[in-house]
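Please read the structure below before turning to the comments.
The values are calculated or read from the model by the stated rules, or taken from the named source; none is laboratory data. The structure presented is a predicted model; accordingly, all values stated were derived computationally and were not measured. A quick note on method: Cβ atoms are made from the backbone with ideal geometry, for glycine too, and the neighbour counts reach across all protein chains shown. Protein only, heavy atoms only, side chains kept; ligands, DNA and RNA dropped before computing areas. Shrake-Rupley method; radii C 1.70, N 1.55, O 1.52, S 1.80 Å.
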Amino acid sequence: MSDYDPARRRLLTAGLVGASSLAVSGCDAFDMLTDRDNPVRNFIEGANGLTYRAQRILLGRDALAKEFTRADIRQPQRPNGVTNPPDEDYKALAANDFRGYRLEVRGMVSEKLSLSLDELQAMPSRTQITRHDCVEGWSCIAEWSGVPLSAVLERAKPAQGARFVVFHCFDTIERGLSGNIRYYESIDMMDAYHPQTILAYGLNRETLPVSNGAPLRLRVERQLGYKMAKYVRAIELVDRLTPFGLGKGGYWEDRGYDWYAGI
Ligand SMILES: Nc1nc2c(c(=O)[nH]1)N[C@H]1C(S)=C(S)[C@@H](COP(=O)(O)O)O[C@H]1N2
Ligand SMILES: [Mo]
């Protein structure tokens with residue numbers, strides 16, 4: 001059984017709109033999202049295409065998300081969404097400390113890759129202290145270490161027409177009528193090559209724990225938490241998002257969230 005309940009999620013999301021304050025445990029309230037008239041929140045909720053274009057124009061290709069210091073880390077990263085994948089293939093890997101794990105890289109690439117954790121950890125690494133903002137109304141500052149997605153893509157050599165990177169995850173988040181629905185996400189090539197976009201295997205100077213996405217999870221620091229796929233098992237380069245899930249580019253996007261969740 002997944003310990004994640006989409007109905008509860010919907011309730012929390014709906015609650016966010018009316019709430020003037022939020023009771024959160026362990027993490028700071030992301031106050032601006034609870035304020036109806038806050039321009040930042042209105043910006044987030046504005047036409048998604050407009051937000052996307054505006055951020056690209058205003059902030060540019062390489063604008064960095066704010067980075068913090070260790071003194072700013074006030075609490076552990078709050079585990080959210082799926083925190084212990086119920087899937088047998090995942091459990092078997094976890095039971096063996098992920099020694100059998102491989103990240104598959106496929107789709108519109110000239111070199112398909114299959115990388116072990118050791119191989120990923122031998123690649124260039126980046127560490128960054130950033131704030132994770134969940135759409136539910138909380139945020140956490142944490143230190144993330146991993147391999148820049150750009151380094152993985154340079155090895156795989158994306159084809160000319162590749163426009164998006166799709167992240168396929170291990171975790172079943174919902175059991176649908178025609179089978180298990182696993183979490184997935186996607187970003188565009190600009191975010192894929194952004195210097196702070198990493199596949200993280202470390203959190204607060206420890207090995208990334210299962211609750212936060214072990215053995216590998218995406219960090220895409222200029223967007224909201226739901227974009228940051230945990231339990232990544234494969235990445236696929238594509239020119240369109242319609243073939244996946246319900247066609248909107250991610251599990252939560254298929255259920256109404258914006259594809260571009262810029263903050
Ligand atoms: N595979 C997977 N990735 C996921 C989720 C999930 O349920 N499954 N939840 C998302 C949401 S809504 C958030 S806020 C973050 C939570 O990351 P954390 O558990 O490290 O805080 O993961 C995101 N990535
Ligand atoms: Mo979230």
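Worth pointing out:
- Surrounding net charge for Leu120, when Lys and Arg each add one and Asp and Glu each subtract one, Cβ distance under 15 Å: +2
- The relative contact order of region 65-255, computed from alpha carbon pairs under 8 Å that lie at least 6 residues apart in sequence, is 26 percent.
- Residue-level accessible surface for Leu50, protein heavy atoms, 1.4 Å, Å²: 110 Å²
- By the rule of a C-alpha distance below 19 Å, with chain neighbours fewer than 8 residues away ignored, the lysines paired with Lys248 are Lys227, Lys230.
- For the residues Ile141, Ile187, Ile263, Ile57, a 1.4 Å probe over the protein chains yields an accessible-area ranking, largest first, of Ile57, Ile263, Ile141, Ile187.
- Alpha-carbon centroid distance for the pair region 111-150 / region 180-253, whole angstrom: 10 Å
- Surface per residue (accessible, 1.4 Å probe) for region 65-255, Å²: 41 Å²
- Per-atom-type breakdown for region 65-213 gives carbon and sulfur 47% of the accessible area (1.4 Å probe, protein chains only).
- Under 21 Å of direct C-alpha separation, and excluding same-chain neighbours fewer than eight residues apart, Lys157 reaches these lysines: Lys112.
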